[in-house]
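Since the structure comes first, as structure tokens, the remarks are kept for the end.
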Amino acid sequence: MLNAAAAERNKEPILAVLRESVNTGRPLQALEISSGTGQHVTHFAQGLRNVIWQPSEYDRQSLASIEAYRAHYQLHNVKPAIHLDASQPPQCWGGIQPESLDLVVNINMIHISSFACTEGLFKGAGTVLKPQGLLLTYGELRMGTQGYLPPQFYRTEKWFIPGEVDRHASKQQVSSVQEGEFGVKHPVVPEQDGQTP
């Protein structure tokens, strides 16, 4: 099993955002895109037992690690990991059907992958999520000349805070993403021991 220190630091704050964001009173279907080591998905599955989790990953070594975490924790609400290339159309996403998911989670992929993966993430989420489904992203949100997204990009309940750009989880109502609009909410994930996510 691979182990990422950043995943250990941020898994609980992200789970707290998930708990605030999803209905815990009914069964839900979720896809984690770019599951990495498998630490997040197994932690989330333990904390949200009503959610059936589908982990996915592009990297073959990480797929093996996710399976090792699944075997270790023996969680019935985590499916076997699938190979998923977010830059590909959702028809290539391991048989996931349109409008079949309540939640798509993506952690620390956007800032380290090609723009084609980011674009594919949003387009694909708009396809696989049910109406009013939720896309939650976590990681650095940097672009533009000033190093952060300009305020006009957001219609927010909590304003984006430059300087805290590295510690935000984002919730998007994907029904509006399909129309090219973003309804974004940025709960600030508290810094832990001065570490980056």
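The values are calculated or read from the model by the stated rules, or taken from the named source; none is laboratory data. Predicted, not measured: the structure shown is a model, and the values here were computed from it. Ideal geometry is used to build each Cβ from the backbone, glycine not excepted, and the neighbour counts take in all protein chains shown. Quick note on the areas: whole protein, heavy atoms, side chains included, nothing else; ligands and nucleic acids left out. Shrake-Rupley method; radii C 1.70, N 1.55, O 1.52, S 1.80 Å.
Would you please give the residues with an amide H less than 5 Å from that of Leu84, counting only those at least 5 places away or on a separate chain, with H modeled from the backbone geometry?
Distant-sequence amide H within range of Leu84: Glu57, Tyr58.
How about segment 16-98: which trypsin sites (Lys or Arg not before Pro) there are in a DSSP loop, with at most 15 other Cβ atoms within 10 Å of their Cβ? Show your work: numbers first, answer last.
On the way: sites: Arg19, Arg49, Arg60, Arg70; in loops: Arg49.
Here the trypsin sites (Lys or Arg not before Pro) that fit, given the DSSP loop and packing criteria, are Arg49.
Considering the options Leu28, Ala125, Ser87, tell which one lies farthest towards the positive end of the dipole of segment 5-141, charges being +1 on Lys and Arg and -1 on Asp and Glu at the Cβ, about the Cα centre.
Leu28
Per 10 Å bin, what percent of the C-alpha pairs of segment 1-123 does each bin hold, from zero upward?
13, 48, 36, 3
Rank Cys92, Cys117 by accessible area, highest first, at a 1.4 Å probe radius?
Numbers: Cys92 75, Cys117 25 Å².
From most exposed to least exposed: Cys92, Cys117.
Which ³J(HN,Hα) values in Hz, rounded to whole numbers, follow from the phi angles of segment 20-37 under the Karplus curve 6.51 cos²θ - 1.76 cosθ + 1.60, where θ = phi - 60° and Gly and Pro get x?
6, 9, 10, 6, 8, x, 8, x, 10, 10, 10, 10, 9, 8, 6, 6, x, 6
Would you pull out the residues with amide H under 5 Å of Gly133's amide H, same chain only if 5 or more places away, H placed 1.01 Å from N?
Here Val174, Ser175 satisfy the definition.
Give me the percent of the accessible area of segment 5-141 that comes from carbon and sulfur atoms, probe 1.4 Å, all protein chains in place.
Working: 3020 of 5830 Å².
Of the solvent-accessible surface of segment 5-141, carbon and sulfur hold 52 percent.
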